[in-house]
Structures are given as C-alpha cells and as structure tokens.
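Read the structure below first, then the notes.
Just so you know, all these numbers are worked out from the coordinates, no wet-lab data involved. As the structure is a prediction and not an experimental result, all values here were calculated from the model. All Cβ positions, glycine included, derive from the backbone under ideal geometry; neighbour counts span all protein chains shown.
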Amino acid sequence: MSNEVPLIWQVDEITPEWLSAVLAQGGHPRAVVESFSAERIGTGQVGENVRLALRFNAEPEAAPTSLVVKFPSPNEVSRSTAVAQGIYAREVNFYTDIASTVLIRTPHCWHADVSPEGDRFVLVFEDMAPGTQGDQLTGCTPDQAALAMTQAARLHAPRWNDPALEKIDWLSRPSGEAAALLQMVYQGVFPGFEARFAQRLPGEVIELARRFGQRVGAWAANLSGPRAVAHGDFRLDNMLFNEGPDAPPLAVVDWQTCSHGHPAADVAYFLGAGLFPEDRRREENALLAHYHDDLKASGVNDYGIEALFADYRRFSFSGLIMAVVASQIVEVSERGDAMFAAMAERHGQQIVDLEAETLLD
C-alpha cells in the first residue's frame, strides 16, 4: 500500500495524473501519462476489472503501455457481501504480504491500496494480454489441467506447514467456530439454492447437497492434515492461459479468498469442475501424481501420494459448498447461474465417483 498515491475505487476516478503517480512509484518517474482508454474485462462476481491502454507524452523506456485495474463490484449486493467477508482487504494483503513469498505466477502488481474499513480498494496489475481467461463452463484440456497442478504446487510448497502463517491474522483458516458458522450459513441458503437450481440440476445432485447440509459442519470441523497458503477459488475463471513464446503459460488471479488452509482443497476444487467428468475420471490419477511430483521437487517430502488421494476425496465437497453458498450471496446473472450449476453437477459427480459420502459416516 502507498501513502503517495491517493486511494481511488471507481473507474471514473482514474486520471492520467493518478496513473503517472502509480508508474513513478513503480520505478518509472519519467512515464507521464497523457491520456488513456478503458474497457471492462473479465467475469468477476465481486470485483470489476478494467484494461487501460496508456498514451504518453514521450514514450518512456520499459514502462508498460497497458495495465489492468481492479475495483470493488459496482453491484451493491456483491460489494456488501465482499466487505462483510473482508475479501477486498484480503486480496490487497495477499499482493503486499504473501505474493513474493510463494512461487505461483500471478500478474505483477504495480499498486495496491485499501481503505481501513475494507470497502474501497484498488489494484493495478500487469496486463497479461493476449492471455485468455479460462472458462468454467467449457472446461479445460488435460494439458491445461497439468499447468494448473504445477501452479498449485508452486503456491503450496514454499510455505508448506510454515508456522509463520499462524501469525498472519488477516488470513482465514479452518476452526471449530468457522465450521459451526458454515453449517448455519449453508442450511440457511440451501432453500434458495434449491428453488433456483432445481430445474437446472439432476434431482440426485439436489438430494446430495441436501444430505451434505446435515453434516457440513462436522466435515469442516476436521482440521487434520497439512496447511499452506491456499487460493480458495482455484478454478478456470481465475486463470489466464497464454501460448506465446515469451509469456507465462498460466497466471492465476483473484486472491480474494486466499487462506491458511489445506492444499488438497485447491486441487480437488480445480479438478472436480475444471474437467468434464469423463476427462476427470480418465486423467485424475495422473494429474494428482503430477501435482505430487511437483511438491516433492519443491522439497515437500512428508506427504505421501496415498495421503494426497485421501485428502482429494475428502475435499471433493469443496466445490459443492461453493456452488450452494456463493450462488446465493453474489449478484445473480445468467452466466453466473450456469457456472454454479456446472460446478454443482460436476462436483456432485466427483463425490459419487470417489464414494466420498462414505467418509462422512
């Protein structure tokens, strides 16, 4: 965060002077922005992303000619939910306190600021164009899933069971209190989920979600296993793929739900909905082995493949929780509902295929 650049939190507050100050702070004091154009990008539910094309009065060496700026959602419901959960401040804190301590590829952050109340924030990023955003609806290829598993290991391994994470108070983490709250929230929103998605989902998925609602608190209260920095929403819509020779093949964005959590939750969450069920069934063992090999290559030697598979089964419920709860507390849109329905159905099938309900008995 900076005291030199004023905090803005809406697109129409951007000025050439403000952008020049951001670049000066980032090491380009001669990069004087003369004008810019803006276009909204992305499909975020609780944030707004804008790509800026910059024009300078004299082309400064090495200064970026485009940037991506992230603000709070203009939708009052989504914004209120985000503030109540502290997710705007959490994302800013990730970039200022955590990003440099892990190896996952994220866009370079030029500027990060948030209000003390957590209701106003701004993030200024490297523009990853021509990278393309993943699409939760269309899914991904096994090769793209392998890229995601490599990046997951690069996130988790550097701070695997790091006791220093316990001292970072803004990182959410599992607890008995959080489990009890999840039970209450899940059951409170489930009727709305059922009413909205009963016509979009097979009845078996609705019934599975209903059954799980009786035991979600006990499931979440299981605090066993390793801990690391976890993304918390590790899915295709939060990934930028690039096939260019000089660009990273995958960069991961949207750190609003990062936590001090179980690393297998990110893995199960991605594989459960990022791949269509038939592809997941065929590829999941190889992809789990890929992730495990990358962990070992990064120095994690106390987590066997059998333990990973057991935790993968256990956290197959993560995506079902997200589909039920998140769908009821963010802005409603057709694309959003299609995404939550796909998430619920694919994770429901993952749970069935892995016989994960038997773990709840």
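Model label points for T96 and N57, set 7 angstrom from Cα along the Cα-to-Cβ axis, are 3.1 nm apart.
Restricting the GluC sites (Glu not before Pro) of region 21-98 to loop positions (DSSP other than H, G, I, E, B) with no more than 11 neighbouring Cβ atoms within 10 Å leaves E61. With contacts taken as Cα pairs under 8 Å and at least 6 residues apart, region 134-360 reaches a relative contact order of 30 percent.
The amide H of D127, built 1.01 Å from its N in the peptide plane, has V68 as neighbours under 5 Å, considering only residues 5 or more places off or on other chains. What the phi angles of region 162-171 give under the Karplus curve with 6.51, -1.76 and 1.60, with θ = phi - 60°, is a coupling list of 7, x, 5, 5, 4, 8, 8, 6, 7, 6 Hz, glycine and proline written as x. Remark on F56: its backbone amide H falls under 5 Å from those of E34, a criterion applied only to residues 5 or more positions apart or on other chains, H modelled at 1.01 Å from N. All other residues whose Cβ lies under 12 angstrom from that of G213 are scored, Lys and Arg at +1 and Asp and Glu at -1, for a net of +1. If you take the Cα centroid of region 340-361 and the Cα centroid of region 10-86, the two points sit 39 Å apart. Relative to the longest principal axis of the Cα atoms of the chain, helix 76-85 runs at roughly 70 degrees.
Whole-Hz Karplus values for region 86-94 come out as x, 7, 5, 4, 5, 5, 4, 5, 4 Hz, taken residue by residue from phi with 6.51 cos²θ - 1.76 cosθ + 1.60 and θ = phi - 60°; glycine and proline positions read x. Multiplying the residue separation of W170 and A286 by 0.36 nm and removing their Cα-Cα distance gives an extension gain of 38.3 nm. Under 5 Å between amide hydrogens, which residues at least 5 positions from V229 or on another chain qualify, with H placed 1.01 Å from N in the peptide plane? Result for V229 returns R159. Centroid-to-centroid, using Cα positions, region 258-289 and region 193-221 are 20 Å apart. Note that region 294-309 has calculated 3J(HN,Hα) couplings of 5, 4, 4, 5, 9, x, 8, 10, 10, 9, x, 5, 5, 5, 4, 5 Hz, one per residue in order, obtained from phi through the Karplus relation 6.51 cos²θ - 1.76 cosθ + 1.60 (θ = phi - 60°); glycine and proline are x. Between the beta carbons of Q214 and S333, assuming R0 = 35 Å, the FRET efficiency works out to 0.70 to the nearest 0.05.
Using just its DSSP H runs of length 4 or more, each adding -39500 (n - 2.57), the chain gives a mean residue ellipticity at 222 nm of -13500 deg cm²/dmol after division by all residues.
In this rough spin-label picture, where each label sits 7 Å from Cα along the Cβ direction, the E76-E34 distance is 4.2 nm.
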